[in-house]
Amino acid sequence: MQDDLPRLRGSAQESAHRRGGAWKVAYADFVTALMALFIVMWLMNTSKQVQQAVAAYFRDPKRFHQAGPDVEGAGLKADNSLTIDQTNVAQLKDKLEQAIHASDLGNLEKMVQISITPEGLRIELLETEQGLFFESGRPEPSPQGKRVLALLAKELGRLSNPLAIEGHTDARPYRFTGLNGYTNWELSVDRANAARRVIQDEGVRPEQVAQVRGFADKRLLDPAAPYDSRNRRVSVVVQYSGSEVPNADAKPRPAQTPSPQRPTAAPAPVLR
């Protein structure tokens, strides 16, 4: 009896098999379109902050992952959407201090000084006598310096505020100055520019850097001790948006009048 049933040839059987699976493709297209509809409806009813975060991801996924999403309140914090002003600068100060303390760089937190100034938030990497954040006598950051700058860049890259990067030295003259004319002026500028390159590689946008400044020993952290190693530092300033550039005579903080001291001989030039 089975011999009496019509048999399909090979090509006919393959054609029937293809027709039998066509509904799966149509169903997949329908589910995809339905999912897209739900996503659009969800975005239309979310906060502007979430919409900016989603838009930031599709504009530049790599930079979005470098900065890292931050869940707060209603949703994600969009990349470079936060503006620091005098009302919330203290929150950024606390956040940076906590980030350094919680990282494996916590043992260096005493050498990272963060303060609020009229210009904005000032972050200063203070040097030790042996050289901590920069190689001794060289403009290149040390491994510890690169790690601290990378940590700062991850947080500062989320801001819309402009940044100023400064280099400072102590009052000791630079060694070998007479050989090639290289002085504390060049060293301070080169270190500030090296710091700029590191933070831009780690998440700070190029257009976010507004200034790179070198002051040599003209703005000492401790005027009473001009040869103190802490005067050798690199500063990153988060400027208030729209703030004016301070003039050449402006000081980042009022200096205390040093008490009268007996004059001491200047130390011999050293390699820093």
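Tabulated results
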| read-out | value |
| --- | --- |
| Single unsatisfied condition, V189 versus (1) more than 14 Å from R233 (Cα to Cα); (2) within 20 Å of the chain's Cα centre (by Cα) | (1) |
| Yes/no for Q2 being within 25 Å of L82 (Cα to Cα) and either at pLDDT below 85 or of a type in the set (A, V, I, L, M) (or both) | no |
| Count of residues meeting criterion [within 29 Å of Y57 (Cβ to Cβ) and either surrounded by 15 or more Cβ atoms within 10 Å (Cβ to Cβ) or of a type in the set (K, R) (or both)] in segment 100-122 | 4 |
| Selected residue (criterion: nearest to E155 (Cα to Cα)) from residues of segment 167-218 that are among the acidic types (D, E) and assigned to a loop (DSSP other than H, G, I, E, B) | E202 |
| Inter-residue pairs, beta-carbon under 8 Å, first under 15 Å from R158 (Cα atoms) and in segment 39-58, second modelled with pLDDT of 75 or more and not acidic (D, E), 6+ apart | V50/L43; V54/L43 |
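The values are calculated or read from the model by the stated rules, or taken from the named source; none is laboratory data. Keep in mind it's a predicted model, so treat the numbers as computed, not measured. Methodologically, a virtual Cβ is constructed for each residue, glycine included, from the backbone with ideal geometry; neighbour enumeration extends over all protein chains shown.
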